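As structure tokens, the structure follows; a few thoughts come after it.
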Amino acid sequence: MKTFTVAILGCGNRGAQTYGALMHMRPEEFEIVALCDRNAERLHSFGERFSVPPQDRFADEEKFLESKRADLLVIATMDRDHVREGLRALALGYDILLEKPITDSEEECRALLAAQKKYGGKVLVCHVLRYAPAFKKAGELLREGRIGKLVAIQALEQVAYWHVAHSFVRGNWHSREETAPMILAKCCHDLDLLQYYAGARAKSVSSVGELSHFKEENAPEGAAMRCLECKYIETCPYSAKRIYLDDFKKKGRPAQEWPFSQVTSAYPMSETDLTKALKEGPYGRCVYHSDNDVVDHQLVEIVFENGVKANLTMMGFTAEGGRIMRFFGTHGEIVLDEAADTLALKIFGMRPILYKISELGDVESGHGGGDSGLISDLYAVLSGEEVGATSLEASVESHLMAYAAERSRLQGGEKIELH
Ligand SMILES: NC(=O)c1ccc[n+]([C@@H]2O[C@H](COP(=O)([O-])OP(=O)(O)OC[C@H]3O[C@@H](n4cnc5c(N)ncnc54)[C@H](O)[C@@H]3O)[C@@H](O)[C@H]2O)c1
């Protein structure tokens, strides 16, 4: 059995805390040998955890990418950096595990695909839901024709009120200038699943959406600039004290766990570290007094080339997270509800068959088991046994759909023809 060596570029929540940790648990398959992150605290804390010698820890991307340091490169920096780094890595001869979104530019997407064909490196994109047991099961039921011919799909992505505040108001994805549009950043998974379930490419896409709530004019009277100094600290649902400090205590003060690990890089983290970060850093800002400009809800309508139709609602204003997908076929329905832990197969005229999602497979890791499912498939891909469900080529389609959706939204919901 071959052990593949791994280098990680971007040692944050995804690169080190998720994929690095999963690979570190499978020492016969993967050995992490080099790390790069410009955040020194993260670089060295993961360097220690993964036993990467100090000379193989890099703060500077340029130096890190001077030569090939492993069989596989994990690229988990921010959205706008992926293609620049991917092009260099392919030229060096790396295989790549590439975080989504690939890029917010269609041109760059095509350039990366061309480079992959030229250099021949394998590229697997982290559309992790494809590897999660519940979403795989829905695909199997559809392919088996259990609900007849698929007519339409209704998808709801419940972002959750605290998550939209964390990532899209205060955090990494708050600015249109700095990152990919929300429909790409948050929903390329959903768009990828929809085209996979539909079994065809999208023919046309239209979309509407806006930033409706997290704006200055909606601040309660006399709200402070920072939650820890605000009179609404105990009552505002978006209060950073409630979202981070109270939840950190409720969860038993974890040494390192998302989303707290985004607020402070201290490891193991304490209440004092978290409080200091909320007093000084972006995650303690009032959601109404931040510099965010990305949408907090967006609706997309898609018609596929084979006539299947789908709509997707990305909604920030939900009490809980999780996706709900409903598939309408000529002979039945499938309803997948992550938060309710159910997948229901309702063949017309028959008793519904109810599956518990948690019993469909390993759902312990993030994204309903998709994170660890991806790492298992990655090993098979590197070994040459599989092409991988989320190869670069297969992943480009969902990105084209997202670009079209954003273009449509900016043009007031105009229908965009894709192919
Ligand atoms: N697959 C998924 O479901 C999923 C979920 C969340 C995020 N993501 C994607 O994963 C990527 C990373 O997100 P994250 O949540 O881990 O962010 P993060 O902020 O936790 O981690 C990013 C890390 O990269 C480092 N970094 C950025 N640019 C660098 C550079 N040029 N050189 C060295 N280090 C650099 C940062 O210091 C940081 O530690 C993003 O593209 C995001 O969209 C994917």
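None of the figures in this text is laboratory data; all of them are computed from the coordinates on show. No experiment lies behind these values; they were computed from the predicted model shown. Cβ atoms come from the backbone with ideal geometry, glycine included; neighbour counts cover every protein chain shown.
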Exercise for the section: Using only the alpha carbons, work out the radius of gyration and Dmax of region 149-217 in angstrom. Expected result: 14.6, 48
Fill in the blank from the handout: Partner lysines whose C-alpha sits under 27 Å from that of K276, ignoring same-chain residues fewer than 8 away, are K215, K231, K241, K249, K250, K251
Practice task
Quick one: compute the contact order of region 4-121, relative version, from alpha carbon pairs under 8 angstrom and 6+ residues apart, as a percent.
Solution key: 25
Exercise for the section: Identify all lysines with a Cα-Cα distance to K68 below 17 Å; exclude those on the same chain that are fewer than 8 residues away in sequence. Expected result: K122
Problem - Qualifying GluC sites (Glu not before Pro) for region 5-108 [loop in DSSP, other Cβ within 10 Å: at most 14] - result: E28, E66
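Assign unit charges at the C-beta atoms only (+1 for Lys and Arg, -1 for Asp and Glu), then state the dipole size of region 4-121 relative to its Cα centre in Debye, rounded to the nearest 20.
100
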Fill in the blank from the handout: In the chain the DSSP beta bridges are antiparallel at a rate, in percent to nearest 5, of 60
Handout entry: Share of alpha-carbon pairs per 10 Å distance bin for region 4-121, given as whole %
Key = 15, 49, 30, 6
Fill in the blank from the handout: Quick shape check on region 344-419: root eigenvalues a ≥ b ≥ c of the Cα gyration tensor, a/c under 1.5 is rounded, otherwise prolate if a/b tops b/c, else oblate, and it reads oblate
Exercise for the section: Largest first and in whole Å, give the semi-axes of region 55-187's equivalent ellipsoid, each being the square root of 5 times a Cα gyration tensor eigenvalue. Expected result: 31, 22, 14
Exercise for the section: Evaluate the relative contact order of the chain (contact order divided by residue number), counting alpha-carbon pairs under 8 angstrom at least 6 apart; express in whole percent. Expected result: 22
Completion exercise
Farthest towards the positive end of the dipole of region 230-284, among Y232, Q262, G252 and with Cβ unit charges of +1 on Lys and Arg and -1 on Asp and Glu, lies the Cα of Y232
Exercise for the section: Identify the trypsin sites (Lys or Arg not before Pro) of region 34-102 meeting these criteria: DSSP loop state and at most 15 other C-beta atoms within 10 Å of the C-beta. Expected result: R38, K68
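Grab the DSSP H runs of the chain that are 4 residues or longer, score each as -39,500 (n - 2.57), total them, divide by all residues and round the 222 nm result to the nearest 500 deg cm²/dmol.
-8000 deg cm²/dmol
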Practice task
Collect residues whose amide H, placed 1.01 Å from N in the peptide plane, falls under 5 Å from the amide H of E333; neighbours closer than 5 in sequence don't count.
Solution key: K346, I347, F348
Handout entry: Exposure proxy ranking, count of Cβ atoms within 10 Å, fewest first, for K356, K250, K241
Key = K250, K356, K241
Handout entry: Prolate/oblate/rounded label for region 276-419 (Cα gyration tensor, a/c 1.5)
Key = rounded
Fill in the blank from the handout: Contact order relative to length for region 165-323, counting C-alpha pairs under 8 Å separated by 6 or more residues, stands in percent at 37
Fill in the blank from the handout: Taking every C-alpha to C-alpha distance in the chain and binning by 10 Å from 0, the per-bin percentages run 5, 21, 30, 28, 14, 3, 0
Exercise for the section: Taking a cut-off of 25 Å between Cα atoms, list the lysines near K137, but don't count ones fewer than 8 places away on the same chain. Expected result: K100, K149, K186, K309, K346, K356
Problem - About the Cα centre, charge dipole magnitude for region 230-284 (Lys/Arg +1, Asp/Glu -1 at Cβ), debye - result: 140
